[in-house]
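These notes are about the structure you will find just below.
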Amino acid sequence: MMRSDSKFFMTSIYEIDQILKERGELEEDAETLALIREKLPSMHRRYTDVFSKSESDRLPLHRIYDHRIQLKAPLPNAFSPLYQQGTEELRATKQYLIENLEKGFIENSNSPFASPILFVKKADGKLRFCIDYRKLNGLTRNDPYPIPRIDELLGRVSKARIFTKLDIRQAFHRICVHPDSEEYTTFRTRYGSYKCKRYMNDVLMQYLDDFCTAYLDDILIYSEDPTKHIEHVHKVLQRLQEAGLQADIKKYEFNVTRTKYLGYILTTTSVEADPEKIEPLRNWTRPTTVTGVKSYLGFCGFYRQFIRDFGKIAKPLTTITSPSEPFR
């Protein structure tokens, strides 16, 4: 017989999933906080939220920096064909969709235009999700926003004696796509079509070329004086905090005299080529096409400043890429 003081409670599978998800986030935040306490110097602890992983997994509000895509021709009502995927890539696709739908970074789309997806392997062997927007790019007005020249960036840090490096988490998703442009970002997968819901230089404009550089999502803070460096790092972290941008604590380097940046190794006395980037050149398969030769020359040219008379050495290869020269 049921007791009169019995109480009943109702829940759902969805609510249970949400509780488990929130508990997982708390455990993850606890792990991140422990890492922050270990790596972040005490004088910068007020900026702990700049390194919050859970905050970087949330879509920011719409701002004046929203990305608007301007077309020079109407989009055709056509899907691009799906690229063939293996078992590992299909698994990675599902994982990407599930994670980013939960975060609100993407949503289902019924746009008549969609771009295909593909994967490239990262240095750690994991797969990086990419969208092939070449067809969309061909219909888009050019945005003449200047990408910083790497050689100029390196020149500005030549007198530095101390460095701090930051890597912005989820940088691609920290800028929302303007609502009017969301349908243009639609991408097609085996499991349906989705669109992105988704300004570094403006955030740090006051300090660029003075004591920091920003190249896409990589920030380098450099100083000639250790005491000044603390102040410089403080200013950059403050701007990131105000802008709602989060950095990856695992990739954070503070107060170092040697660091890797944009394919180079920076020290207090020199700029060196990164041996890990040079290794592929040593093992490069002999090119058999003009395109292959151009790719090789482009890779070599990245480090031409370290090769005396690079132009003369490369001339035989440069010559055979000319349309007037038969390839052999």
TODO: Select, from 296, 303, 261, the only residue that is surrounded by 14 or more Cβ atoms within 10 Å (Cβ to Cβ) and assigned by TED's automatic domain parsing to the domain that holds residue 214.
DONE: 261
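If you go through the range 143-157 one residue at a time, do you hit one that is in a strand (DSSP E or B) and on the phi < 0 side of the Ramachandran plot? Even if it seems obvious, please write down each step before you answer.
First pass over the range 143-157, keeping only residues in a strand (DSSP E or B): none.
Scanning the range 143-157 turns up no residue that is in a strand (DSSP E or B) and on the phi < 0 side of the Ramachandran plot.
Select the strands (runs of 3 or more DSSP E) contained entirely in the range 161-217, then report the ones holding at least 1 residues which are in contact with an Asp or Glu (Cβ under 7 Å, 6 or more places away or on another chain) and either modelled with pLDDT of 80 or more or not charged (D, E, K, R) (or both).
In the range 161-217, 162-167, 192-196 are the strands (runs of 3 or more DSSP E) which contain 1 or more residues that are in contact with an Asp or Glu (Cβ under 7 Å, 6 or more places away or on another chain) and either modelled with pLDDT of 80 or more or not charged (D, E, K, R) (or both).
Suppose we filter 72, 135, 122 for residues that are in the same structural domain as residue 236 (by TED's automatic domain parsing), more than 30 Å from residue 233 (Cα to Cα) and among the basic types (Lys, Arg); which single one remains?
Numbers: 72 fails: in the same structural domain as residue 236 (by TED's automatic domain parsing); 122 fails: more than 30 Å from residue 233 (Cα to Cα).
Testing whether each residue is in the same structural domain as residue 236 (by TED's automatic domain parsing), more than 30 Å from residue 233 (Cα to Cα) and among the basic types (Lys, Arg) leaves just 135.
Looking at the range 108-121, can you tell me whether even one residue there is surrounded by fewer than 12 Cβ atoms within 10 Å (Cβ to Cβ) and among the β-branched types (Val, Ile, Thr)? Outline the logic, then answer.
Residues of the range 108-121 surrounded by fewer than 12 Cβ atoms within 10 Å (Cβ to Cβ): 108, 110, 120-121.
Those still in the list that are among the β-branched types (Val, Ile, Thr) too: 120.
There is at least one residue in the range 108-121 that is surrounded by fewer than 12 Cβ atoms within 10 Å (Cβ to Cβ) and among the β-branched types (Val, Ile, Thr).
For residue 48, indicate whether it is outside any strand (DSSP E or B), surrounded by 13 or more Cβ atoms within 10 Å (Cβ to Cβ), at pLDDT 85 or above and not assigned by TED's automatic domain parsing to the domain that holds residue 166.
Values: outside any strand (DSSP E or B): yes; surrounded by 13 or more Cβ atoms within 10 Å (Cβ to Cβ): yes; at pLDDT 85 or above: yes; not assigned by TED's automatic domain parsing to the domain that holds residue 166: yes.
It is true that residue 48 is outside any strand (DSSP E or B), surrounded by 13 or more Cβ atoms within 10 Å (Cβ to Cβ), at pLDDT 85 or above and not assigned by TED's automatic domain parsing to the domain that holds residue 166.
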Open item on the list: Out of everything in the range 99-133 that is in contact with a strand residue (DSSP E or B) (Cβ under 6 Å, 6 or more places away or on another chain) and of a type in the set (A, V, I, L, M), what residue ends up being nearest to residue 85 (Cα to Cα)?
Closed with: 118
Task: Subset of the range 265-291 (residues that are modelled with pLDDT under 90 and under 24 Å from residue 237 (Cβ atoms)) - done: 268
- [ ] May I ask you to verify whether residue 129 is among the aromatic types (Phe, Trp, Tyr) and at pLDDT below 85?
- [x] no
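The values are calculated or read from the model by the stated rules, or taken from the named source; none is laboratory data. Given the structure is predicted, the values throughout are model-derived calculations rather than measurements. Using ideal geometry, Cβ is built from the backbone for each residue, glycine included, and neighbour counts are taken over all protein chains shown.
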